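> One structure, as structure tokens, below. Some questions next.
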Amino acid sequence: MLQTQTSSLSYAHQTVEETPSKVSARGVNVFYGAKQALFDVDLDVPVNHVTALIGPSGCGKSTFLRCINRMNDVVEICRVEGDIRLDEGDIYDLDVVELRARVGMVFQKPNPFPKTIFDNVAYGPRIHGLASNRDEVEEIVFTSLEKAGLLKEVRDRLSEPGTSLSGGQQQRLCIARAIAVNPEVILMDEPCSALDPIATARIEELIDELRQIYTIVIVTHSMQQAARVSQRTAFLHLGELVEVGNTEDIFTNPRDERTQGYITGRFG
Amino acid sequence: MTDSTPTIPSRSDTTQTVRNGLRRRYAAERRFKIYGVAAIGVALLMLAIMFGTIIGNGWSAFRQTYVQMDVLVDAAEIDPDGNRDPKVLSRGDYEGLIKAALREMFPDVKKRKEKRELYDLVSSGAAFDLRDEVMADPSLVGQTVSVTVHASDDVDMYMKGYISAEVAEDERRVSDKQIARIESLREQGRISTGFNLRFFTGGDSREPELAGIAGAALGSLWTMLAVLVMAFPMGVMAAIYLEEFAPKNRWTDIIEVNINNLAAVPSIVFGLLGLAVFLNFFGMPRSAPLVGGLVLALMTLPTIIIAGRAALTAVPPSIREGALGLGASRMQMVAGNVLPLAMPGMLTGAIIGMARALGETAPLLMIGMVAFIVDLPKGPLDAATVLPVQIFLWADSPERAFVERTSAATIVLLVFLILMNLGAVLLRKKFERRW
Ligand SMILES: Nc1ncnc2c1ncn2[C@@H]1O[C@H](COP(=O)(O)OP(=O)(O)OP(=O)(O)O)[C@@H](O)[C@H]1O
Ligand SMILES: [Mg+2]
């Protein structure tokens, strides 16, 4: 139901230039205690597209990602400055619970809850009260698992613990869990870092399907992955946003020499 | 990276070095294993010795010597008016009846001293047993009833072989004449040993043969219930608040330091606190398990809080982030994701605290739970004592028969502990599903 509704408004087939931004960050500075991790980052995330964040380890990709759904609020020593908007609304004007319901997150390491597969996916809808009875919960769980491409594998073992799945399945379970809340944006922090090429390929396929409905920001260490799945790429270096543009342009024709060095593997 | 290459030793050197060290490394490992096994062995040996002595000393207290006698329930003595009025019946001289029956059995006894020795063969509780029997069935008045009464503790000790006839007469508690009478009773088949029910159903008594552990066991039970009801929810909530909700600032630091210090405060200090606050200020009843429970709950609280916080910190942050990332509120995250994982650890902490509280004596002395209490406590407000205090009281008594009761009470205390731990293990199993 929601799928048809959103896909009719989907910008997925439009070019990045003519797509409005879902999330826009302006002048974002992040500090961990006295140490500054992000410097004046400006970034727009186009709706129904995949935006990839690349950059060497420790450059602040995760930090930026976690700013968007205010996960950094949880970190005691972390301070975020700047203006981040979701659909033109300041995310700090939103209630944090509402924000995280609208901006879902998939973590670098699969982190299924110590509950059954079913309960893992049902967790979000339950805490937000999205379903009023068991049937509705089931419906959400099944469609979410289906969208995450996991349903076929787990249909008969929904009452087994989520942790009994393989790493790749767990990651897709976490994606299904995020989708079940029906967010507008999905943040993915290196979702394939622990996966084999086959599982990676499946998740990449999945990301491409998901962007019809959602807006996706993905952190990745793999240039190929960024090139394959994203339409827009941002390169961060030492906490600064060095360059952002259409993925093709970034990979074929980087303007900054640091970007060039990084994508050609000369440093990182 | 590249500039460190020259310092890497050649392959064959490395292999040789590793090989040379192998024997030493395995020897160290074997030594460590031996130490470990030895340590466990010593611990088990000590445990076996402890259990061996306690059970060896205590198990005979579970049996008791009884004397069967035929008592004429003389109507003239206990019911002179003949109307079976319970009030009159209850005031009758049953002791006199018992004594008369004893004299009947041994008509040769004449002298006062001999009579006293004769009367000492049966417990002073015999008169009460007889009275209860007559009160329950007044038609017995006027008849000769066969009753089985408790033998006195000295007879019991003699029968159990703790008093030897070979020792000089003035060095034992049973005289030669008494021994002769016991033997003659034994020949008549009037002496029997049986299960000591009274030990498990009775309260404390000055007479060892009448003393039971039930009063103290019930006291311990009420006290532990009070501790559980107060300390566990409070400790868990305090741990959750401090770990999950409280801001990390100077105040919470001070609170944390104080909780850690409280855990190390000698228990008697909590007893003094209970005396000053609960008894003197709030005027709560002395010797009440509720007050004992309050005092022990205060003592246990820091342990539960510390263990609870440790259990909470042990929950992987990825679980918290997963829940928060889906938009769970803090409370939903704690209740739905963190607490189920932390529960086994919290239960362990609670059980450690409770086990310590169960064995605690000193603070309870301060609030009067050391009193000599015969009646069984029917609720947390009745005067009571607890198992360790009872053990202490009996260990302090001079009678030989209390020695075995002391050990028997220790067995009961240990059984209590084991049951509590078993409960905890089962609870943990329930929560600790492997994921
Ligand atoms: N909780 C924290 N406390 C202190 N410093 C932190 C914390 N998290 C991140 N940092 C610092 O912020 C900087 C950026 O970290 P971040 O995790 O965003 O890097 P990243 O680009 O995601 O790296 P990687 O690719 O290795 O995941 C690093 O220098 C890191 O040390
Ligand atoms: Mg990262």
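The values are calculated or read from the model by the stated rules, or taken from the named source; none is laboratory data. Everything numeric in this text was worked out from a predicted model, so none of it was measured. Every residue, glycine among them, receives a Cβ derived from its backbone with ideal geometry; neighbour counts consider all protein chains shown. Accessible surface is based on the protein model in full, side chains and every heavy atom, while ligands, DNA and RNA are left aside. Shrake-Rupley method; radii C 1.70, N 1.55, O 1.52, S 1.80 Å.
> Taking GluC sites (Glu not before Pro) as candidate sites, keep only those in a DSSP loop with at most 16 other Cβ atoms within 10 Å, then name the longest stretch of chain B containing none of them.
Values: sites that count: B:GLU166, B:GLU432.
The longest such stretch corresponds to B:167-431.
> Separate question: Taking the Cα-to-Cβ direction at A:GLU98 and at B:THR53 and moving 7 Å from each Cα, how far apart do the two end points lie in nm?
With each label point 7 Å from Cα toward Cβ, the separation is 7.2 nm.
> Using amide H atoms built in the peptide plane, which far-off residues or other-chain residues are under 5 Å from B:VAL122 H to H?
It is B:SER152, by chain and number.
> Once R0 is set to 35 Å, what does the formula 1/(1 + (r/R0)^6) return for the Cβ-Cβ distance between A:GLU18 and A:ALA194, expressed as a FRET efficiency to the nearest 0.05? Write down the numbers at each step before the final one.
Details: r = 36 Å, r/R0 = 1.04.
E(calc), rounded to 0.05, equals 0.45.
> List the DSSP H helices in chain B whose Cα atoms stretch 30 Å or more along the helix axis and whose mean Kyte-Doolittle hydropathy is at least 0.5. If you can, show how the numbers build up before the last one.
Numbers: long enough: B:11-58 (69 Å, 0.19); B:214-240 (38 Å, 1.86); B:289-313 (34 Å, 1.71); B:401-431 (45 Å, 1.40).
Qualifying helices: B:214-240, B:289-313, B:401-431.
> List the relative contact order of the stretch B:214-431 as a percent without decimals, with contacts defined as Cα pairs under 8 Å and 6+ residues apart.
Numbers: 292 pairs, mean separation 68.7, N = 218.
Relative contact order comes out at 32 percent.
> Once amide H atoms are built 1.01 Å from N in the peptide plane, which residues 5 or more positions from B:ASN196, or in another chain, come under 5 Å H to H?
The list, which skips near neighbours in sequence, is B:ARG63, B:GLN64.
> If each residue of separation counts as 0.36 nm, what is the full-extension length gain between B:ALA168 and B:ARG31 once their alpha-carbon separation is subtracted? Display every interim value, and only then the final one.
Working: separation 137, 0.36 × 137 = 49.32 nm, distance 5.65 nm.
Contour length minus Cα-Cα distance gives 43.7 nm.
> Sum -39500 (n - 2.57) across every DSSP H segment of at least 4 residues in chain A, then divide by the residue count to get the 222 nm mean residue ellipticity, nearest 500.
On the way: 11 runs with 100 residues, N = 268.
Roughly -10500 deg cm²/dmol at 222 nm, from the helical runs in chain A.
> Then there's this: In the stretch B:208-294, with Lys and Arg counted as +1 and Asp and Glu as -1 at Cβ, which of these residues, B:ILE254, B:PHE232, B:LEU275, has the Cα nearest the positive end of the dipole, that is, farthest along it?
My answer, from the dipole projection, is B:LEU275.
> Under a Cβ-only charge scheme (Lys and Arg +1, Asp and Glu -1), can you give me the dipole magnitude of the protein assembly as shown about the Cα centre, in debye to the nearest 20?
On the way: 72 positive and 83 negative charges, 372 e Å.
Here the size comes out at about 1780 debye.
> At what distance in nm do the modelled label points of B:ILE352 and B:GLU207 sit from each other, each positioned 7 Å from its Cα along Cα→Cβ?
Each label point is offset 7 Å from its Cα along the Cβ direction, giving 4.7 nm.
> Still on this structure: Pairs of alpha-carbon atoms within less than 8 angstrom and 6+ residues apart define the contacts here; what relative contact order does the stretch A:4-263 have, in percent?
27
> Here's something else I'd like to know. Can you pull out the GluC sites (Glu not before Pro) in the stretch A:75-178 whose DSSP state is coil and whose Cβ has at most 11 other Cβ atoms within 10 Å?
A:GLU76, A:GLU88
> How far is the Cα center of the stretch A:82-106 from the Cα center of the stretch B:58-128, in Å?
89
> Still on this structure, please answer the following. Stretched out fully, how many nm does the piece from B:ARG23 to B:LEU419 gain, at 0.36 nm a residue minus the Cα gap?
Values: separation 396, 0.36 × 396 = 142.56 nm, distance 4.71 nm.
Value of the extension gain: 137.9 nm.
> Identify which of B:GLY58, B:GLY327, B:GLY353 has the largest mean-square fluctuation in a Gaussian network model of chain B, with springs joining Cα atoms closer than 10 Å.
Largest GNM mean-square fluctuation: B:GLY327.
> Here is a follow-up. Need one value: the accessible area of B:LEU381 in square angstrom, 1.4 angstrom probe, rounded to the nearest 10.
100
> Next up: If ligands, DNA and RNA are left out, what is the accessible area of B:TYR26 with a 1.4 Å probe, given in Å² to the nearest 10?
So the heavy atoms of B:TYR26 present about 120 Å² to solvent.
> For each pair in B:LYS99/B:LYS177; A:LYS115/A:LYS152; B:LYS111/B:LYS160, compute the distance between the two Cα atoms and list the pairs where it is over 24 Å.
Details: B:LYS99/B:LYS177 17 Å; A:LYS115/A:LYS152 20 Å; B:LYS111/B:LYS160 29 Å.
Too far apart for the 24 Å limit: B:LYS111/B:LYS160.
> When DSSP beta bridges are limited to those with both residues in the protein assembly as shown, what percentage is antiparallel, rounded to the nearest 5? It would help to have the intermediate numbers written out before the result.
Details: 38 of 56 bridges.
Close to 70 percent.
> Placing +1 at every Lys and Arg Cβ and -1 at every Asp and Glu Cβ, with all other atoms neutral, what dipole size does chain A have around its Cα centre, in debye to the nearest 20? Let's see the in-between values first.
On the way: 27 positive and 38 negative charges, 148 e Å.
Dipole magnitude for chain A comes out near 720 debye.
> How many times 2.2 N^0.38 Å is the alpha carbon radius of gyration of chain B?
In units of the globular-protein estimate, chain B measures up at 1.43.
> Suppose every K and R has +1 on its Cβ and every D and E has -1 on its Cβ; what is the size of the dipole of the stretch B:61-196 about the Cα centre, in Debye to the nearest 20? Could you put the intermediate results ahead of the total?
Working: 20 positive and 27 negative charges, 34 e Å.
Taking the Cα centre of the stretch B:61-196 as origin, the dipole is about 160 debye.
> Starting from the Cα-Cα distance between B:ARG186 and B:ARG286, subtract it from 0.36 nm times their residue separation and give me the gain in nm to one decimal. The partial results should precede the final answer.
Details: separation 100, 0.36 × 100 = 36.00 nm, distance 4.65 nm.
Taking B:ARG186 through B:ARG286 to full extension adds about 31.3 nm, to one decimal.
> Tally Lys/Arg at +1 and Asp/Glu at -1 over every other residue whose Cβ is under 15 Å from the Cβ of A:GLU18; what's the total?
Numbers: positive: A:LYS22, A:ARG232; negative: A:GLU17, A:ASP44.
For residues surrounding A:GLU18, the net value is 0.
> Next up: Which FRET efficiency value, to the nearest 0.05, is calculated for A:SER159 and A:GLU248 with the Förster distance at 41 angstrom and r the Cβ-Cβ distance?
0.35
> Over the Cα atoms of the protein assembly as shown, what Rg and Dmax result, in angstrom?
Final numbers for Rg and Dmax: 39.5, 127 Å.
> Then there is this: Please build a GNM for chain A, connecting alpha carbons under 10 Å apart, and tell me which residue among A:GLY55, A:GLY82, A:GLY168 fluctuates the most.
Per the Cα network of chain A with a 10 Å cutoff, A:GLY82 tops the list.
> Tell me the Kirkwood radius of chain A: reciprocal of the mean inverse pair distance over distinct alpha-carbon atoms, in Å.
18.9
> Put +1 on the Cβ of each Lys and Arg and -1 on the Cβ of each Asp and Glu in the protein assembly as shown; which of B:PRO340, B:ILE182, B:VAL370 then has its Cα farthest toward the positive end of the dipole?
Going by the Cα projections, it comes out as B:ILE182.
> Right, another one. With the cut-off at 23 Å, report for the stretch B:214-431 the share of all Cα pairs above it, as a whole percent. It would help to have the intermediate numbers written out before the result.
Details: 12257 of 23653 pairs.
Percent of Cα pairs beyond 23 Å in the stretch B:214-431: 52.
> From the phi of every residue in the stretch A:109-119, what ³J(HN,Hα) in whole Hz does the Karplus formula 6.51 cos²θ - 1.76 cosθ + 1.60 yield, where θ is phi - 60° and glycine or proline is x?
9, x, 10, x, 6, x, 9, 5, 4, 4, 5
> Using the Cβ atoms and a cut-off under 12 Å, what net charge is assigned to the surroundings of A:VAL137, where Lys and Arg are +1 and Asp and Glu are -1? Working shown, then result.
Numbers: positive: A:ARG126, A:ARG134; negative: A:ASP119, A:ASP135, A:GLU136, A:GLU138, A:GLU139.
My count for the surroundings of A:VAL137 gives -3.
> Next question, about the same structure. What Kirkwood radius, in Å to one decimal, follows from the Cα pairs of the stretch A:74-171?
On the way: mean 1/r = 0.0645 Å⁻¹.
Roughly 15.5 Å, rounded to one decimal.
> Given a cut-off of under 8 Å on Cα pairs at least six residues apart, what relative contact order in percent is computed for chain B?
Details: 564 pairs, mean separation 80.3, N = 435.
Relative contact order, chain B: 18 percent.
> Name the residue, out of B:ALA355, B:ALA263, B:ALA43, whose mean-square fluctuation peaks in a Gaussian network model built on chain B with Cα pairs under 10 Å.
Taking springs between Cα atoms under 10 Å, the residue moving most is B:ALA43.
> Obtain the nm distance between the two label points defined at B:ALA75 and A:ARG266 by a simple spin-label model: each point lies 7 Å from its Cα along the Cα-to-C-beta direction.
12.6
> Compare the Cα positions of A:HIS128, B:THR14, A:MET105 along the charge dipole of the protein assembly as shown (+1 at Cβ of Lys, Arg; -1 at Cβ of Asp, Glu; about the Cα centre) and return the one farthest towards the positive end.
Checked the options; the winner is B:THR14.
> So how much accessible area does A:SER62 have, in Å² to the nearest 10, using a 1.4 Å probe?
40
> In whole Å, how far is the Cα centre of the stretch B:139-172 from that of the stretch B:310-362?
58
> A follow-up question, please. To test your reading of the geometry: what angle, between 0 and 90 degrees and rounded to tens, separates the Cα axis of helix A:197-210 from the longest principal axis of chain A?
The helix A:197-210 is inclined about 90 degrees to chain A.
> Given the -39500 (n - 2.57) contribution per DSSP H run of 4+ residues, what per-residue ellipticity at 222 nm results for chain B, rounded to the nearest 500 deg cm²/dmol? All intermediate terms of the calculation are to be shown ahead of the outcome.
On the way: 19 runs with 264 residues, N = 435.
Mean residue ellipticity at 222 nm (helix-derived): -19500 deg cm²/dmol.
> Residues in the stretch B:110-128, backbone N under 15 Å from the label point at B:SER90 (7 Å along the Cα-to-beta-carbon vector): list them, ranges by number please.
Zone members listed by number: B:128.
> Tell me which residues come under 5 Å, amide H to amide H, from A:GLN108 once H is placed; ignore anything under 5 positions away on its chain.
Close amide H contacts, sequence-distant or interchain: A:ASP189.
> Give me the Kirkwood hydrodynamic radius of the stretch A:153-233, using the inverse of the mean 1/r over all pairs of distinct Cα atoms, in Å to one decimal.
Numbers: mean 1/r = 0.0749 Å⁻¹.
With all distinct Cα pairs of the stretch A:153-233 included, I get 13.4 Å.
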